[in-house]
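Worksheet: the structure to be examined is printed underneath.
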Amino acid sequence: MDDIQKLKTAIDDLQNRLREEVQLRTELERRCHLLEKLAYRDPASGLRTETYLHARVREEIERSIRYPASTTLLTLSVPDAVDDILSRLGMHLTDELRSTDQVFSLNRRGLAILLVETPEDGAHRVLDRLRADLEQFVKEYGYTITSFPVDANLADDFMNLAIERHKSMSDGLQMGSSGTAASQSYN
């Protein structure tokens, strides 16, 4: 009888430890999921991060290949922007766009807007609609528009082209910054 009681006690102890381990693992998974979600957003600005932009572009291009559709990336560059203004502009644009479109921070002076199921001419219409809002926040800005599948057929090529265009446009804005309200386009 004594051996059976010891065995029952050992089983009870193991079951209690297993319950505790399951609870700890569940808590760890919850925290990991939370950290993953936090990594998608810049804590200072509240905008989605450039790293997340790359992942989302890849997802959208894969979807665009499966279900023939266009995906367009609109980038904005603001010379000498104060971080607060850029984050406020990004949050404002988030409210103004469709729920499927997303705004991302792009380096220190830029924003990227992923326009889902939107061809290049649709991106121009979005930009025209947002122009007054942009000019309320900043005096000068530049933009680029990169569209899938028109400009690139692969996700990596698409992002490389979009980033290259954005950098070229940003450098041009810095070189020719005159302090007047202007916009420059690099397609």
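Assorted remarks:
- For segment 10-45, residues that are over 30 Å from Gly90 (Cα atoms) and either of a type outside the set (Ser, Thr, Tyr) or in contact with a Gly (Cβ under 7 Å, 6 or more places away or on another chain) (or both) total 19.
- Whichever residue in segment 95-130 is free of Cβ contacts under 8 Å to residues at least 40 places away in the same chain and part of a helix (DSSP H, G or I) and, among such residues, is surrounded by the most Cβ atoms within 10 Å (Cβ to Cβ): Leu130
- Failed criterion for His33 (all others in (1) at pLDDT below 90; (2) assigned to a helix (DSSP H, G or I); (3) assigned by TED's automatic domain parsing to the domain that holds Asp156 hold): (3)
The values are calculated or read from the model by the stated rules, or taken from the named source; none is laboratory data. All values reported here derive from a predicted model rather than from experimental measurement. Cβ atoms come from the backbone with ideal geometry, glycine included; neighbour counts cover every protein chain shown.
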